[in-house]
Each structure stands twice: as structure tokens, then as C-alpha cells.
Amino acid sequence: MAEKPKVNEKAFWSIIFAVFFGNFLAVMNTSTVNVAIPSLMEQFSAELPRAQWTVTGFMLAAGAAAPSAGWFGTRFGYKKVYIGALCGFFVFSLACIFSWTVEVLIVSRMLQGVCSGILMPTTMTLIYQSIDKSRQAYGLSLWSLSAVLAPAIGPVLAGFLIDLFDWRALFYLNLPIAIAAIVAAVKFLPITVKGSKTPFDFPGLLFSFGGSILLLTAFAEAGSWGWLDWKTLFTISAGILLLCLFIRRELKVEFPLLNFNVLSHRRFTYSLFLNAVLSIGLYAGAFLVPIFLQTSLQLGAFETGMIMMPGAFMMAIITPVTGKLYDKIGPVRLIVSGISIMIIGTYMMGNLSIETTALYIIIWTSIRYIGIALCNMPITNAGMSSIPLDITGYASALNNWTRQCIASLSIALFSALLAFRSSSYIQTGDNASAASALAAGDVFLYSLIPLILALPISFMLRDKNDRG
């Protein structure tokens, strides 16, 4: 197995600095464009479903591209792949700025998404390939901090910039961040080992990309098509078929695009399931809270971002602390504590109504985010640390691919449930705002189910060497 270079304290922080920017850029662009949807509808005279594809298309492309990150990183070296993805992100941000139709903007955003799908697993892999094992948990917690700060700062900054300028300001913002990330990567990241000239699995890429796009499209459009509509059922079936062919091929081909042998490592498989559950909990808040604040309480985008910011900053404060605690007590206690806190916070968010105050939202979203911060890094590191160094890229790619798929599925399911419950409350005599508030509370309660199921699975991550 390949050996990692030993890094001193200065080199440790330089590496974290270099990967921080890239992951921040990728995650920020997942959330900020949501705030710009009304401006895009007005600018391009587009209906909501068409404008929403600037967000959905990005997520679809990121999820579809994630499986290829492992092959590219192993073949060319993760440092080169990281820098290449950053350069692509810079170029496609310029393409977004100069888009003259909403269709051109959607295509540019999807190309951004491809870069994002490669950036996220690549930055995670660089942590494991460049930093000593004794510092990996702390390094991963700092890496996770970039994913926490991005949705905390992004929507607030987006609302401010759009009010001050226009929607293009969001993509101008990407340019200096991308340049800083490229400079930091060139200067601080150690050279990563290139693999042998293995053939690229083009059939596997087609199966993976086609299956991911079809499945994620079905999840994204099921709310408008109808979950039992023939288009939804056909698209889901075709997507599942292609993904099954992809998995079958990858298990048999000599040089797979995505190495599913990582699933033979028990702790990684359990962590993959828990990461999926955590994504459901995370996107429940990220999706439902803004809708509640803007639809039921009639608040603006900037006010919504300000209300959500305290919770995200609590998550940012707790995340590095979790990295320190991990080495002292192990992952299991942190994960069980985090999921338990999430269950309490989510249950309290199930009490939403038209009378709910902004202070109530701040308190209980903050508590939920504390729970997420306690278990996010431990879940990932408990699984990734069990993977041999030479296949960490494949494990990271599979991890991020799963998260992207679950994110799209969660948003689609929550959207459908929200519409169904709102309609039910309207039929009983509630007005639209009150119905939307009660429905959001109901969906929060539904999201408790996977969290409760995840609690016993958490104990499966216990290792004989763990303290917790």
C-alpha cells in the first residue's frame, strides 16, 4: 500500500487551506442559486420549472460525474485533477455570466456541476492521501467546515448581492474564490502519485451517467409529473436498469470506473448508509425552513438567510471541536449523540404553525445543526479510515455519488409530501399560508423515521480499537 508523506504542522494547515477553498466553492454553488430563481424567471421570462433547472441540472450533473473522480484521480494524480476541475469551474462561471438565454445558463450550470462532482470527492481524497492518519479526523472536520460555512454564508451573501446588483453577481463571486483555490493548490498540495495507464471504462461511464441522470431527473420532476405517472415510472425503471448494468459491469471489468469492492469493508458500508440518512436530515432543514419562512411567514430571501445563519454558524463552531473529540472518545458516542440531538430538534420542528416565531426557528434549527456537526465527520471518517490508501479515491467517489443521489431524492420526496399535506389542510379550511406551515411540520416529522432507524446502525461502526 502507498505511503503518505509525513507533514509537519505548517504543511498540515497549508493542505487544509488548499482543499478548503475548492470544497467551499463546490458546496456554495449548490445552494446560492436557489435565491436567484425569481430574478432568473424575470430576466429570461421563464416559468418556475424551467428556471429551477439551473439548480436541478447542477445537482444532476454533479451526481452523475462523481463516480469518475476515482478513476481520474488514480490515473492522473489527485492534485492535477483537483486543479483541472477548479480551472473548469472558473471557465464555466464565466459562461454563466455571459449566458443570453436560460437554456445556455442551464447548460453552463450543468458543466459547473460536472466540475463540482469531481471537486468534492477529490478534496476528500486529498485529505486521506496527504495527511498522516493521526491527523485525518481533525483534517476532515476542518474540510467539513467548508461545507458548513458555504450554505451559511452563501444564501445571505446571494440575497445581498442580488438586491445590490443582479443575478450575475453570484457567478462573479466564484472567480476570485476559484483563483485563490488554484494558487493554493499549486503552491501547497504535495504531488500525488499517478497510476498506470489503465483504460477508461467508457461503457461504465455511459451506464453510470445515463442511469444517474434518468433516476435523478425522475426524482426532481416527480412532483410535477406525479409519482404514479407513466413518465415517472418509466424514467425510474430505466435509471435503475442502467445503474444495475453499471454495477454488474464494474464488478466484472478488470479496470472499473468505480471500484465497488470498497463495500467489502464493513465499516465503510455502514457509514455509507448513515451518510445517506444524514443527508436526508440535512436537506429536510435546508429545503423546508426557507419555504416555511418565505411562504408562511412571508419573509424575504435576505431575512430568510439571516434566520438560517445562526444554526449554520453553530455547526461551524462545533465541527472542529468534533475533530478533537474523535481522537479521544471514538466515533460511536459522537454519532449516537448527534443523531439523538437531531431527533429532538427535528421533532420540535414538527410543531410548525402560522404562529411560529423566527426565534423558535433559530433555536431548533441551531440544535439540529449541532447534532449534524457531532455526527457528520465521525460517520465519514469511521468508514473512510477503514479503506486502504490506494482505493480511497473510489470510496470517496462512491460516498459523494450516494450523497448527491440522496439529496435529489430527498428534495423530490419532501416537495411531493409538502404539496400533498398542504392540499389536505386547505381542504379542511386552512388558508394557504397556514396549510403550508402545518404541512412543513408534518414533513419534518416524516423525516424522523430514517433518523430513528439509523440509531442502532450507529453501533455497527464500533471497532475493537475504538474508545467509544
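Per-structure values
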{"quantity": "Helices (runs of 4 or more DSSP H) contained in segment 358-468 and holding at least 1 residues of a type in the set (Asp, Glu)", "calculated": "432-446"}
{"quantity": "Verdict on Val35 being touching a Pro at 6+ places or on another chain (Cβ under 7 Å) and within 21 Å of Phe171 (Cα to Cα)", "calculated": "yes"}
{"quantity": "Filter pass, Ile457 being crowded, with 20+ Cβ neighbours inside 10 Å, closer than 27 Å to Ile240 by Cβ and among the β-branched types (Val, Ile, Thr)", "calculated": "no"}
{"quantity": "Meets criteria (open to solvent by 10 Å² or more (accessible area, probe 1.4 Å) and either touching a Leu at 6+ places or on another chain (Cβ under 6 Å) or not in a loop (DSSP other than H, G, I, E, B) (or both)) for Leu293", "calculated": "no"}
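Here is a yes/no grid of residues against (1) buried (at least 22 other Cβ atoms within 10 Å of the Cβ); (2) modelled with pLDDT of 80 or more:
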{"site": "Lys133", "(1), (2)": "no, no"}
{"site": "Val148", "(1), (2)": "yes, no"}
{"site": "Leu157", "(1), (2)": "no, no"}
{"site": "Arg168", "(1), (2)": "no, yes"}
{"site": "Phe171", "(1), (2)": "yes, yes"}
{"site": "Ile191", "(1), (2)": "no, no"}
{"site": "Leu206", "(1), (2)": "no, yes"}
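The values are calculated or read from the model by the stated rules, or taken from the named source; none is laboratory data. Just so we're clear, the structure is a prediction, and the values are computed from it rather than from any experiment. Heads up, the Cβs are rebuilt from the backbone with ideal geometry, glycines too, and the neighbour counts pull from every protein chain shown. Just the protein is used for accessible areas: all its heavy atoms, side chains included, with ligands, DNA and RNA removed. Shrake-Rupley method; radii C 1.70, N 1.55, O 1.52, S 1.80 Å.
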